Amino acid sequence: MRVAIHLLRSVKRVKREPGEPALNFVGEPLPGHLLLLRPGSSFFKSQANRWTGNQPAGAKPELRVQLEHADDLPYALAAIGFIYTGELAGSPGTRELLGVRRLASFLGVKGCLEAVDTALLTVAQSGLMGVLRLYSRRELLPNGHDPAASALLPRLRAACREQLVKHAGNLQPDVSLSLPLQGGGSVKAGELLAWAFPDAPSMLSDPATKNQLLALPGAALEALLSSAGFAADSEDSVLLLLGCWFDANPATSSHRFKRLRRYVRLCQLSSVYFHGVLPLLKWFPVGAAELRFLCQYKEAPAGPLRQQLTDAGKAAGYALSSAWYSAFARPKCRSDAGRPYTWAVSKQTLELELSRSRRSSRDSPAFMRGAFSHGAKRVVARGFEWHLSLEDERGADKAGVYLYCTLPRVLGVGGADASALVGAACPGPCRAVVWRWRQDGGREEAFGFNFGSTHFQVGSAMGVATALLLQATPIDGASTAAARWQPFLRGDKVSGTLTWT
C-alpha cells in the first residue's frame, strides 16, 4: 500500500476530465501498512474501507492526505510516523508541536494528541521562557471551537499563570518592562499577563485562577491593569479585583496601594458602583471635592463642556491624565462565555431545609442554595457576586428557581452602610438551567431562563416561582421530604448550570 500526500487545492479525483489539472503531490509516496494504519488513524481506516469497497479485486490501495499548505508536510509525516512508533520524533519546537497536533487531529491519530498536549504542558511548565515560547505562537493554539482542545487550553493557561506568578518578582519595579520573544521582537509584561489573565470577572469566578491572580506582586498587577488588552464585563469587576488583591496583600506599602488605585477607570464605573459603592470604600479614598468633580466629568459629553471641565480640573490640581478620568472602557469580554458553571443542591440539603420548613410555625418556604462544582461559593459578574437557589413553598405543586445578587464582603462595606446601599445591578447576558432526568437515564432541560439585561436590586433575587413541576406526594405519606424532587435528582443532587452567553 502507498500513501500519497497532496495539497487540499489539488483535484481530488483520481480520474481526470479532459483539461482538468493533475494532482499536486508533495514529496514522494510513502510505503504504508494497513495492519497499523487502520487501527492507528480513524482517517486512514475510513479511507481504506472506502477504497477496498470501490476497487476491483487485486487493485493496489492508495491513501491520500489533503494538506492546506505545502509547509504542513513535515507535520503530516510526524503524525503518520507516530502511528508506527508511538513517539514524537526528535525534539520539536512549539510551532512544530502545534503543527503536528493540527494534523494528528485531522488524521485522528490515536494517542498523538495526548502526546503533543503533554509536550506543550512541559513547555508551559519550563519557566518564563516557556511561557514566552507559547505566547509567541499563540495564534497557532487551537481555539475554543476545537472539542479536542477543550481541556488543553485551560490547562496550558493555568500552567502559564503558575510560572508567571513564580517569576513575576522579576518585573519589579518597572511595569513597562519588555520581554524578548522567540524568533525576534518583544512583548510588554502587561500584555503577557493579560494573555494569561485575560479578564476580571472570569478570573475572579474561578477559585484556583483567583488565587494565582492574588499571588501576583504589586508591580505585576500594575502591569496587568495598565494593559490595553486586559478585559472586563464592567469596570466594576476591576475595582472588585483590586479590593480582593488588597484584602489578600495587606502588607503592601501605602505607595503601592496609591499607585494601584490610579489604574481603575472611575469614569467607566456603573451608576450603582460609582454613586453607591465607591463612596463607601474606606480603602479607596477619593476626596469629597474631587468626587463631586468626577460626577460632573463622568456625565459630560465630549465637546465644549468636557473641555471646560478638563481645564477646571487641571486648575484644581486633579490628575486628568490618570485612568480615573479615562473616556475609554476596557475591552468587553468574559473568557468564560459559553462555558457552563455547574451548580447543585445536594439531597441532604433538600431534606434538611424541607424538614426545617415543615417544623417551622411560620408558613415560610424552604430555600436551598446551590453550590458550584468548581469550588466557588458564588461567581462574579459586573462587580457583584451571584448564586442560584431553589425555593419549595409548602403546599405548592411547583418550585421556584432564583438567581441572587450580593455585594461582595471583601469590599469591606458592612453594617449600616451595606443595609443603606440602594441600587440595581445586572449580571449581563446569562442563562440558568435546571436538569430533569428521564427513566432511560437521559438528561433534559426542565427549566431554562435567559436573564439578559435584567436588573436586580442589590441583595435580592429574581427568577420564576413556578419553574419546576414537582412530583405528587404519595398518599401513604411514607416518602422522604425530598421525594417530590425525584425527577430532578441524580447522584443524590439536583443540578443545573449558569452560563454567560
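Structural remarks
- Number of residues in the range 320-331 that are over 15 Å from Lys298 (Cβ atoms) and surrounded by fewer than 17 Cβ atoms within 10 Å (Cβ to Cβ): the value is 2.
- Only one entry of Trp500, Trp437 meets the criterion of being modelled with pLDDT of 95 or more, surrounded by fewer than 19 Cβ atoms within 10 Å (Cβ to Cβ) and not basic (Lys, Arg), and that entry is Trp437.
- Every residue from the range 407-463 that is under 16 Å from Val494 (Cα atoms), in contact with a Ser or Thr (Cβ under 7 Å, 6 or more places away or on another chain) and aliphatic (A, V, I, L, M): Val433
Every residue, every condition in (1) acidic (Asp, Glu); (2) within 24 Å of Ser202 (Cβ to Cβ); (3) surrounded by 19 or more Cβ atoms within 10 Å (Cβ to Cβ), yes or no:
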| position | (1), (2), (3) |
| --- | --- |
| Gly229 | no, yes, no |
| Tyr263 | no, yes, yes |
| Gln268 | no, yes, yes |
| Lys282 | no, no, no |
| Leu294 | no, no, yes |
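- Residue list for the range 419-450, filter: of a type outside the set (Lys, Arg) and without any contact (Cβ under 8 Å) to a residue 40 or more places away in the chain: Ser419, Ala420, Gln439, Asp440, Gly441, Gly442, Glu444, Glu445, Gly448
- When we screen Arg334, Arg306 for residues that are surrounded by 12 or more Cβ atoms within 10 Å (Cβ to Cβ) and either in contact with a Gly (Cβ under 8 Å, 6 or more places away or on another chain) or touching a residue at least 24 places away in the same chain (Cβ under 8 Å) (or both), the only hit is Arg334.
- Residue in the range 309-319 that is out of contact with any helix residue (DSSP H, G or I) (no Cβ under 9 Å at 6 or more places or on another chain) and modelled with pLDDT under 95 present: no
- Residue within the range 167-177 that is surrounded by fewer than 17 Cβ atoms within 10 Å (Cβ to Cβ), part of a helix (DSSP H, G or I) and outside the structural domain of Pro250 (by TED's automatic domain parsing) present: no
- None of Ala104, Ala115, Ala79 is surrounded by fewer than 21 Cβ atoms within 10 Å (Cβ to Cβ), outside any loop (DSSP other than H, G, I, E, B) and not assigned by TED's automatic domain parsing to the domain that holds Gly185 except Ala115.
- Check on Lys298, basic (Lys, Arg) and either surrounded by 14 or more Cβ atoms within 10 Å (Cβ to Cβ) or assigned by TED's automatic domain parsing to the domain that holds Gly448 (or both): yes
- Every residue from the range 207-227 that is over 19 Å from Gly169 (Cβ atoms) and either crowded, with 24+ Cβ neighbours inside 10 Å or touching a helix residue (DSSP H, G or I) at 6+ places or on another chain (Cβ under 6 Å) (or both): Thr209, Lys210
- Qualifying residue in the range 149-167 (condition: more than 21 Å from the chain's Cα centre (by Cα) and under 28 Å from Ala220 (Cα atoms)): yes
- Any hit, the range 374-381, residues being over 30 Å from Arg261 (Cα atoms) and either part of a loop (DSSP other than H, G, I, E, B) or of a type in the set (A, V, I, L, M) (or both): yes
- Restricting Pro154, Pro147 to those that are outside the structural domain of Pro207 (by TED's automatic domain parsing) and modelled with pLDDT of 85 or more reduces the list to Pro154.
- Restricting the range 385-436 to residues that are among the acidic types (Asp, Glu) and assigned to a loop (DSSP other than H, G, I, E, B), the residue that is nearest to Met462 (Cα to Cα): Glu393
The values are calculated or read from the model by the stated rules, or taken from the named source; none is laboratory data. Values in this document were obtained by computation on a predicted structure and should not be read as measured data. Neighbour counts run over all protein chains shown; Cβ positions are idealised from the backbone, glycine included.
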